[in-house]
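One structure is given here, and the rest of the page talks about it.
The values are calculated or read from the model by the stated rules, or taken from the named source; none is laboratory data. All values reported here derive from a predicted model rather than from experimental measurement. Because the Cβ atoms are built from the backbone with ideal geometry, glycine has one as well, and the counts that use them run over all protein chains shown. To get the accessible areas, we keep the full protein, side chains included, count just its heavy atoms, and leave off ligands, DNA and RNA. Shrake-Rupley method; radii C 1.70, N 1.55, O 1.52, S 1.80 Å.
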Amino acid sequence: MSRLYLGCIADDFTGATDLANNLVRAGMRVVQTIGVPNTPLDQSVDAVVVALKSRTIAAEDAVAESLDALHWLQSQEAEQIYFKYCSTFDSTPAGNIGPVTEALMDALGSDFTIATPAFPDNGRTVFKGHLFVGEVLLHESGMQNHPLTPMTDPNLVRVLQAQCRRRVGLIDHRCVAAGEDAIRARIDALRAEGVGIAIVDAVSNADLLRLGPAIRDLRLLTAGSGVAIALPANHGLVPSPQASALPAPGGSKAVLAGSCSQATRAQVADFIAQGHPAHALPVETLVSQPERHGEIVANALAWAEQALAQGPVLVYSTADPDAVKSVQGRVGVTQAGSAVEAALADIALGLARLGVRQMVVAGGETSGACVNALGIRQMQIGPQIDPGVPWCHAQSSVGPLHLTLKSGNFGSVDFFRKAFDQLQPSVSAV
Ligand code: ADP
């Protein structure tokens, strides 16, 4: 087993993939796990990202889950721990960024860590401790209206201090611009003043790359996914095709679309317009007559069994907003969502049994349901298809398969076709 340089704890699933993708692009081989595994890592990698769903649960539960993840990462001998949260610092005065950070510091015996959600490639920059989203401050970005974590103060020192017992300080832009030695000196000065956590300014990738070597020795880092671009270099790793190499692909190809977002609707329409076989789920029936679930799944699979011979197939519930509203009006949003997710998840498993080994899933919740149905617990992260969306390789209950999990609004209009095209030449056997 080679060294596990980085053990990451992500507070949500797509955030975990985003972080894993950045690490791979910067040269690390990475596995993402779904929740805290109860078995050791099944392959040798440079970093592992444990995906939790702890962003908006009660702070004490988030702490408990994060500590579970930490203990597993320690059992795998992870050398540095990275707590990943959203690049808009999604939290409330009750947490969970502060309480989880402090619990991890306590458990690691760490007296100092950094906190920066800066991700300049995604328009998230921090200047004088203030978080900007694109051109505007956090509290004018729409995040002030978030239903669960409204962000009404862009001053991250103040925001984090309200969640922490330890003192929170700042490593400002002038210091970061001066480079590694200045940052190290500032960390020493903050430590001497009794500051335990410092927000770090960063307005460009160059800032993050200057920060990287200065935080090499911290046991714990806390950040969005941006800081990840600077960490592989601390171990002599550089971007390389080997970091994203996956086993050679095989088997049949299928797309499952359960997202109704604008981008996915355009992708579904484009794929159909290209002449690929497509099967629309009878969502009205599925939702209003739950007893017909099995029949609807069986029909979709019988159709797919014939169609798979012609190349990639699409099974979708994707619909326009009026159709979605009408279905939701009948049984409620949650029940409609779960009925469709359950059908797509059973179809995903059925498709794998029919020999599908390259699977594209569109939709965040839909992806979660399909991954569970397929019994997937760990995914190796491969090459990026579009920003934030990599191919992955996983052991499912049916056998090994390549899959990509696309958050609804991600990806270009030709994403489905592009994904399959890209997998063929770019992935070499390892
Ligand atoms: P996104 O990433 O775009 O948010 P998700 O998969 O997370 O996609 O969420 C889409 C939700 O909508 C899921 O719960 C899914 O089951 C549900 N859904 C999908 N198609 C329909 C439909 N035609 N009518 C009602 N709900 C639907």
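Below, the figures for the structure above:
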quantity: Residues that are within 15 Å of LEU156 (Cα to Cα) and open to solvent by 10 Å² or more (accessible area, probe 1.4 Å), drawn from the range 100-119; calculated: PHE119
quantity: All positions within the range 136-151 that are of a type in the set (Val, Ile, Thr) and modelled with pLDDT of 95 or more; calculated: VAL136
quantity: Pair list, Cβ < 8 Å and 6+ apart or interchain, from the range 77-92 residues that are at pLDDT 95 or above to residues that are acidic (Asp, Glu); calculated: PHE83/ASP11; LYS84/ASP11; TYR85/ASP11
quantity: Set ARG167, ARG186: member being surrounded by fewer than 16 Cβ atoms within 10 Å (Cβ to Cβ) and more than 22 Å from the chain's Cα centre (by Cα); calculated: ARG167
quantity: Which listed residue is crowded, with 20+ Cβ neighbours inside 10 Å, near the ligand (Cβ under 10 Å from one of its atoms), at pLDDT 95 or above and β-branched (Val, Ile, Thr), from VAL255, VAL268, VAL283; calculated: VAL283
quantity: Residue tally, condition more than 10 Å from the ligand (Cβ to nearest atom) and open to solvent by 10 Å² or more (accessible area, probe 1.4 Å), over the range 351-375; calculated: 7
quantity: Candidates ALA336, ALA323 - the one that is within 10 Å of the ligand (Cβ to nearest atom), within 17 Å of GLU284 (Cα to Cα) and surrounded by fewer than 20 Cβ atoms within 10 Å (Cβ to Cβ); calculated: ALA323
quantity: The range 263-276 residues that are assigned by TED's automatic domain parsing to the domain that holds VAL389 and of a type in the set (Asp, Glu), paired with ones that are open to solvent by 60 Å² or more (accessible area, probe 1.4 Å) and more than 16 Å from the ligand (Cβ to nearest atom) (beta carbon under 7 Å, 6 or more apart); calculated: ASP270/ASP414
quantity: Number of positions in the range 385-406 that are hydrophobic (A, V, I, L, M, F, W, C) and within 15 Å of the ligand (Cβ to nearest atom); calculated: 3
quantity: Tally, over the range 310-320, of residues that are more than 9 Å from the ligand (Cβ to nearest atom) and in contact with a strand residue (DSSP E or B) (Cβ under 9 Å, 6 or more places away or on another chain); calculated: 5
quantity: Residue match in the range 376-384 (condition: away from the ligand (no atom under 16 Å from the Cβ), part of a strand (DSSP E or B) and of a type in the set (D, E, K, R)); calculated: no
quantity: Residue list for the range 387-397, filter: out of contact with any Leu (no Cβ under 7 Å at 6 or more places or on another chain), modelled with pLDDT of 90 or more and open to solvent by 10 Å² or more (accessible area, probe 1.4 Å); calculated: GLN395
quantity: Index of the failed condition, VAL36 passing every other in (1) in contact (Cβ under 8 Å) with a residue 40 or more places away in the chain; (2) touching a strand residue (DSSP E or B) at 6+ places or on another chain (Cβ under 7 Å); calculated: (1)
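For every residue, the table says whether it meets (1) within 21 Å of ALA228 (Cβ to Cβ); (2) in contact with a strand residue (DSSP E or B) (Cβ under 9 Å, 6 or more places away or on another chain).
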{"site": "LEU104", "(1), (2)": "yes, yes"}
{"site": "LEU108", "(1), (2)": "yes, yes"}
{"site": "THR125", "(1), (2)": "yes, yes"}
{"site": "GLY142", "(1), (2)": "no, yes"}
{"site": "MET151", "(1), (2)": "no, yes"}
{"site": "LEU156", "(1), (2)": "yes, yes"}
{"site": "LEU170", "(1), (2)": "no, yes"}
{"site": "GLY179", "(1), (2)": "yes, no"}
{"site": "GLY194", "(1), (2)": "no, yes"}
